[in-house]
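First comes the structure, then the notes that go with it.
The values are calculated or read from the model by the stated rules, or taken from the named source; none is laboratory data. Worth saying up front: this structure is predicted, and the values here are computed from it rather than measured. A quick note on method: Cβ atoms are made from the backbone with ideal geometry, for glycine too, and the neighbour counts reach across all protein chains shown.
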Amino acid sequence: MAETKLGQTRADIASMIRVNQAGEYGAAQIYKGQLAVMGDDAPHSSAIRHMAEQEQRHLDAFDQMIADREVRPTALQPFWKIAGYALGATTAALGPRAAMACTAAVETEIDHHYGEQLDALESEDDPELIRMIAEFREEELEHKATAIASGAEDAPGYPVLSAAIRLGCRVAIGLSKRI
């Protein structure tokens, strides 16, 4: 297996790109589900629409990187489409604060995930990937801050809802790295 400068294999880098593309795809689906249920006039719809636009930009960037670097996308994408949309629609049906609780939980895991990737890439010569991850991580943290400011932690059952969503994210990340 080919090694990059300090030991990350090409397979490791491909895995990072694959899982990031899958995560951004899932996030876009979550927001589609939320907006489909909430509509344009519900509380936080404009914030969700803004976050959805950013997630789509992230997805487009990783789609391009997948094509440019000939990385195989996850085979689980059809499942993430359904699961992401269902998660978004379900949390929106529970109310605007639950929709924001979903965002806060997802972005907590994405922050951790992107942080781990940046640590792993610290000594790598891949400025494009490092820049993308760092930039997108900052936007994901903005999403989390928006969600918290919008009452995410006041959603009914927040600790349980957040823990379940975060666990689901960790499982999705683990599976999408390889499959």
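Observations, loosely collected:
- Within region 38-53, no residue that is within 16 Å of ALA155 (Cβ to Cβ) sits with its Cβ atom under 7 Å from a residue that is among the acidic types (Asp, Glu) at 6+ positions apart or across chains.
- Residues in region 32-51 that are buried (at least 20 other Cβ atoms within 10 Å of the Cβ) and not β-branched (Val, Ile, Thr): GLY33, GLN34, MET38, HIS44, MET51.
- Long-range neighbours under 7 Å by Cβ, at least six apart or interchain, first residue of a type in the set (Asp, Glu) within region 58-81, second modelled with pLDDT of 90 or more: ASP63/GLN21
- Those residues of region 134-179 which are under 26 Å from ARG18 (Cβ atoms) and of a type in the set (Phe, Trp, Tyr), in sequence order: PHE136
- Filtered by the rule that a residue be closer than 24 Å to SER45 by Cβ, among the aliphatic types (A, V, I, L, M) and crowded, with 20+ Cβ neighbours inside 10 Å, region 90-125 gives ALA92, ALA98, ALA99, MET100, ALA101, ALA104, ALA105, VAL106, ILE110.
- Residue list for region 143-162, restricted to those being free of Cβ contacts under 8 Å to residues at least 40 places away in the same chain and either surrounded by 13 or more Cβ atoms within 10 Å (Cβ to Cβ) or of a type in the set (A, V, I, L, M, F, W, C) (or both): ALA145, ALA149, VAL160
- Top-ranked residue in region 15-51 [being at pLDDT below 90 and either in contact with a Lys or Arg (Cβ under 7 Å, 6 or more places away or on another chain) or in a loop (DSSP other than H, G, I, E, B) (or both); ranked as farthest from GLY88 (Cα to Cα)]: SER15
- Residue count for region 66-110, restricted to those that are on the phi > 0 side of the Ramachandran plot and either hydroxyl-bearing (Ser, Thr, Tyr) or touching an Asp or Glu at 6+ places or on another chain (Cβ under 9 Å) (or both): 0.
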